[in-house]
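Peer 1: Dumping the structure here so I can ask a few things about it.
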Amino acid sequence: MNGINIYMFENRAPNVGDIGGIIEGLFPSLYVMLATIGAFIVTLIILSKLFYGPVKKMMKKRHDFIQKNIDDSIILNEESAEIKSLANDELIKSKLMAIEIISKSQKESEILKEHYITEGKKEADRLIKEANISINFKLEKIAETRNNDIVDVAMIISQKIISENVHKEKIEEYLNGYINGK
């Protein structure tokens, strides 16, 4: 029955006139409060030793890692800017060199072109002179051959005239035959 009485006692509504009991119920006893604060402090010390140190070390390590990455990225950024500048300088130098090579090649090609044109003209003049010499030689040969043919024909005609005692009409007949190709 004791258990039932305690249960009933606890379920009773507080008495309105009993304010001291209500206030007393709000505040714990001093010993319980000191024990709770002590347990809290001990728990806090244990947790700080177990977790705060390693967490602090981990956070420091993470901070150092992030800071190192930031510093490395700044250094790499500066190095890449320097490399980019050097690459741009090299690109400009190579473009200037290419322009110079192209200009030099164009000048050399103009010189070669003029040389070949001059040589071609000289060769053409030489061939023309040789052709003129050959033509003149052939014309002289033709003229000489024609003169020899005329002399030969004249000799043949004169022999026929002398051998036949030919009249004037006969001479004209021989000459016309020779001229007409008979």
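The values are calculated or read from the model by the stated rules, or taken from the named source; none is laboratory data. It should be emphasised that the depicted structure is a prediction, and the values quoted were computed from it without experimental measurement. Heavy atoms of the whole protein, side chains included, go into the accessibility calculation; ligands, DNA and RNA do not. Shrake-Rupley method; radii C 1.70, N 1.55, O 1.52, S 1.80 Å.
Peer 1: Over the Cα atoms of segment 38-175, what radius of gyration and what Dmax do you get, in Å?
Peer 2: 55.4, 179
Peer 1: Further question: To the nearest 10 Å², what's Ser158's accessible area with a 1.4 Å probe?
Peer 2: Rounded to the nearest 10, the figure is 50 Å².
Peer 1: Same structure again: Straight-line reach from Lys60: which lysines have Cα under 21 Å away, leaving out those fewer than 8 places along the same chain?
Peer 2: Cross-link targets: Lys49, Lys68.
Peer 1: Give the cross-link partners of Lys56 among the aspartates and glutamates, using a straight C-alpha distance below 13 Å as the criterion and excluding same-chain residues fewer than 8 apart.
Peer 2: Candidates past the 8-residue exclusion: Asp64.
Peer 1: Among the lysines, which fall within straight-line cross-link reach of Lys93, defined as a Cα-Cα distance under 30 Å, with same-chain neighbours fewer than 8 residues apart omitted?
Peer 2: Lys84, Lys104, Lys107, Lys113
Peer 1: Given a 1.4 Å probe, how much area per residue of segment 85-139 is accessible, in Å²?
Peer 2: I get 91 Å² per residue for segment 85-139.
Peer 1: May I ask you to work out the translational diffusion coefficient for segment 75-132 at 25 °C, viscosity 0.890 mPa s, via Stokes-Einstein with Rh from the Kirkwood sum over Cα pairs, reported in whole µm²/s? Walk me through the intermediate numbers first.
Peer 2: Values: Rh = 15.4 Å.
Result for D is 160 µm²/s.
Peer 1: Now, a different point. Dividing the convex hull volume of the alpha carbon atoms of segment 47-106 by its residue count, what do you get in Å³ per residue? Spell out each step's value before the answer.
Peer 2: Values: hull volume 2.5 nm³, N = 60.
Enclosed volume per residue, from the Cα hull, is 41 Å³.
Peer 1: Explain nothing, just compute: Karplus ³J(HN,Hα) = 6.51 cos²θ - 1.76 cosθ + 1.60, θ = phi - 60°, for every residue of segment 41-57 in order, whole Hz, x for Gly and Pro.
Peer 2: So the J values, rounded to whole Hz, are 5, 4, 4, 5, 5, 4, 5, 5, 5, 7, 10, 5, x, x, 5, 5, 4.
Peer 1: Within segment 35-153, what whole-number % of the accessible surface is contributed by carbon and sulfur, with the 1.4 Å probe and all protein chains included in the calculation?
Peer 2: That share works out to 67 percent.
Peer 1: Express in Å², to the nearest 10, the accessible area of Glu79 obtained by rolling a 1.4 Å probe over the protein heavy atoms while all chains stay in place.
Peer 2: Number for this one is 90 Å².
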